[in-house]
Amino acid sequence: MMDIAAPDLHQQRLQRVADLLKACGARRVLDLGSGSGGLLQYLLPEPQYERLVGLELSGELLAQAKLRLSSHPGAVPGRLTLICGSYAEPQPGLSGFDAAAMVETIEHVPPESLSRVERAVFGWMRPERVLLTTPNHEYNALYDMVPGEFRDPDHRFEWDRARFRQWVQGVARRNGYRVSLSGIGDWHPDLGQPTQMAVFTRGGETRPR
């Protein structure tokens with residue numbers, strides 16, 4: 001049985017997203033569903049970032065992020081802001097950022113609320129880029145999980161690769177983005193990779209996988 005909780009996969013996700021944000025030259029970044037601040041901890045040391053905003057609905061996780069990041073020399077007022085709120089709702093002042101990250105968070109949203117998330121993130125906030133990761137449900141078979149079992153009891157859904165592709169391409173088409181898909185983690189010839197990733201860029205046409 002593979003170790004579903006192996007910390008290296010989570011660090012791979014954070015590192016990949018951090019690398020892509022740096023490479024695209026983003027200066028103002030939203031971390032949507034920022035949790036306890038893991039991604040922000042990767043971004044704070046980089047001088048290219050002028051403004052970093054973490055948006056998190058859980059007050060407990062937000063408090064953990066504040067504690068975790070408060071002593072970082074880059075966490076100065078005006079550069080780092082932590083906000084308690086939902087990315088399923090329009091957030092005044094958070095529109096037009098260079099990039100937004102949604103790392104392992106969309107699967108915690110009730111499926112009936114996905115249209116609200118789409119409107120708020122891609123219709124209202126409209127960052128130039130959105131980097132989104134989520135579990136690949138097909139890969140769960142390698143974790144000795146029974147069919148239909150989710151990796152976390154708080155997950156409201158987990159998509160296979162076809163369903164994920166369908167959703168992200170629909171979001172891109174409806175909102176004037178193009179999107180490319182990839183994966184993170186060990187590759188299996190039949191099941192793909194444990195983490196799915198979509199990178200949305202405003203303007204242009206969707207690039208098929």
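Counting only alpha carbon atoms, the long axis of helix 7-23 and the longest principal axis of the chain meet at about 50°. Subtracting the Cα-Cα distance of LEU142 and SER58 from their residue separation scaled by 0.36 nm leaves 27.1 nm.
Using the 1.4 Å probe convention, the accessible area of the range 106-179 works out to 46 Å² per residue with neighbouring protein chains retained.
Taking the longest Cα principal axis of the chain as reference, the axis of helix 161-175 is set at about 40 degrees. Using the Cα gyration tensor of the range 7-123, with a ≥ b ≥ c the square roots of its eigenvalues, what is the shape: rounded (a/c below 1.5), prolate (a/b larger than b/c) or oblate (neither)? Taking the square roots of the gyration eigenvalues as a ≥ b ≥ c, the range 7-123 is rounded.
The label-point distance for TRP187 and ARG51, in a model that sets each label 7 Å from Cα toward Cβ, rounds to 3.9 nm. Taking a sphere under 11 Å around the Cβ of ALA26 and counting the other residues whose Cβ falls inside, with K and R at +1 and D and E at -1, yields a net charge of +1. Binning the alpha carbon pair distances of the range 118-209 at 5 angstrom intervals from zero yields the distribution 3, 14, 23, 21, 17, 12, 7, 3, 0, expressed in whole percent. Placing pseudo-labels 7 Å out from each Cα toward the beta carbon at SER70 and SER95 gives an inter-label distance of 3.4 nm. Taking chymotrypsin sites (Phe, Trp or Tyr not before Pro) across the range 123-197, the ones in a DSSP loop with at most 13 further Cβ atoms lying within 10 angstrom of their Cβ are TRP187. Placing ASP19, ASP152, ASP144 in order of accessible area, with the largest value first and a 1.4 Å probe, yields ASP144, ASP19, ASP152.
The values are calculated or read from the model by the stated rules, or taken from the named source; none is laboratory data. These numbers come from a predicted model, not from an experiment. Cβ sites come from the backbone with ideal geometry, for glycine too, and all protein chains shown count toward neighbours. To get the accessible areas, we keep the full protein, side chains included, count just its heavy atoms, and leave off ligands, DNA and RNA. Shrake-Rupley method; radii C 1.70, N 1.55, O 1.52, S 1.80 Å.
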